[in-house]
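I have placed the structure first, in the form of structure tokens, so that the comments after it can refer back to it.
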Amino acid sequence: MSLKELLKDKLSEEELKLVRRSFEIIGDIVIIEIPDEILHHTKDIVEAILKRHKHVKTVLRKVGEVDGVYRIARYEPVYGEKTETVVKEHGCRFLVDPTKAYYSVKLSGERERIARLVREGERVLVMFAGVGPYPIVIARLAKPKKVVGIELNPHAAEYFRKNIKLNKVEDIVEVIEGDVEEVVPKLPGEFDRVVMPAPYSAESFIHLLKGKVKEGGFVHYYTFDSQNEEEKLPEKVRKRFEEEGLNVEVLKVRRCGNFAPYVNRYVVDLRVL
Ligand SMILES: C[S@@+](CC[C@H](N)C(=O)[O-])C[C@H]1O[C@@H](n2cnc3c(N)ncnc32)[C@H](O)[C@@H]1O
């Protein structure tokens, strides 16, 4: 039964229209938007959520969009207090706190897809690694030699370190806390594969790849673009890389999320020539 159906005896028809159809479940935490107009029904909404999802310990009301360099939204607890939880993904476990560090289940399919592409013995670099889901899923599902993850938010980096232990991948995954602009140029050697789930203006980080990806190596480049421009995206990305002195071949473009009306998140798989 949907949330709206569960609430239909408590809210008026007009109020029901304001109830969001979807909410995000992260472990035992629910994140939901509750518009001001129906805020006085928060208790009813929480009860309806708990009826459907009995394991839930905390309900957070999202009071702002994902924002800032760390990509965190503002939340207000409307039920429970605990904001730390454990999420299961592809046989891995991640300790997360959505109020302190970015984590979204929405990209979990992408993480598995990339991990399945990684070949035995690869050296993989994950920029913008957050609490570590890409590096750890890759380390657990594939057989890389080494995965290096870079993350700026100290809380995210701390959870990343804990998640490495939790998933017993200490020998494979390394965390570097810092800004990709400072860290990447200092990294020794070239990588077989670089994953770039950039939080914003992905273009501005392309220059960092110079001399860091082996010839024949791969880049998974995430970017946001208008749906109307979708057809032009492969050539646009190829050209941007060329402008930065990197010759690449576009292997695949995949829509992997909706950001705003007619604006999607895309991943572009590239081979360095
Ligand atoms: C959209 S999140 C992706 C997190 C992670 N890859 C995931 O899938 O959950 C982007 C992450 O990049 C981090 N970040 C932003 N700017 C950065 C920079 N200049 N250097 C390193 N990390 C950065 C943010 O703190 C955030 O955790």
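Quick note: the coordinates plus some simple rules give every number you see, no bench work behind them. Keep in mind the model is a prediction, meaning the values are calculated, not measured. Positions of Cβ are generated from backbone atoms using ideal geometry, with glycine treated the same way; all protein chains shown enter the neighbour counts.
Ignoring lysines fewer than eight residues from residue 210 along the same chain, the ones with Cα atoms less than 27 angstrom from its Cα are 143, 145, 146, 186, 232, 236, 239, 252.
Here the range 76-157 is treated as a sphere whose radius is the Kirkwood value from Cα pairs; by Stokes-Einstein at 20 °C and 1.002 mPa s it diffuses with a coefficient of 159 µm²/s. Comparing 101, 142, 260 in a Gaussian network model of the chain where C-alpha atoms under 10 Å apart are linked, the largest mean-square fluctuation is found at 260.
Anisotropy class assigned to the range 3-83 is oblate, per the alpha carbon gyration tensor with a/c at or over the 1.5 cut-off and a/b no larger than b/c.
Once the C-beta distance of residue 33 and residue 168 is scaled by a Förster radius of 30 Å, the resulting FRET efficiency is 0.25 to the nearest 0.05. Between 41, 233, 108, whose Cα lies farthest towards the positive end of the dipole of the chain when Lys and Arg beta carbons carry +1 and Asp and Glu beta carbons carry -1, centred on the Cα centre? Farthest along the dipole direction, towards plus: 108.
In terms of distances greater than 21 angstrom between alpha carbons, the cross-link table entries 82/168; 62/165; 17/62; 17/54 yield 82/168; 62/165; 17/54. Estimated from the Cβ-Cβ distance and a Förster radius of 30 angstrom, the FRET efficiency linking residue 263 and residue 243 is about 0.80. Note on residue 119/residue 12: beta-carbon distance plugged into 1/(1 + (r/R0)^6) with R0 of 41 Å gives a FRET efficiency of 0.10.
Residues within the reach of a label modelled at residue 90 (point 7 angstrom out along Cα to beta-carbon, backbone nitrogen below 11 Å), restricted to the range 1-43: there are none. With respect to the chain, whose longest principal axis is taken over its alpha-carbon atoms, helix 233-243 is tilted by about 50°.
With both residues required to sit in the chain, DSSP beta bridges show an antiparallel share near 60%. Shape of the chain from the C-alpha gyration tensor: prolate (a/c of 1.5 or more and a/b above b/c, with a ≥ b ≥ c the square roots of its eigenvalues).
Equivalent-ellipsoid semi-axes for the range 126-183 (Cα gyration tensor, √(5λ), whole Å, largest first): 18, 12, 8. Summary of the geometry: the range 149-225 and the range 33-86, compared by the centres of their Cα atoms, lie 30 Å apart. The H on the amide N of residue 75, modeled in the peptide plane, is under 5 Å from the matching H of 63, each at least 5 residues off or on a different chain.
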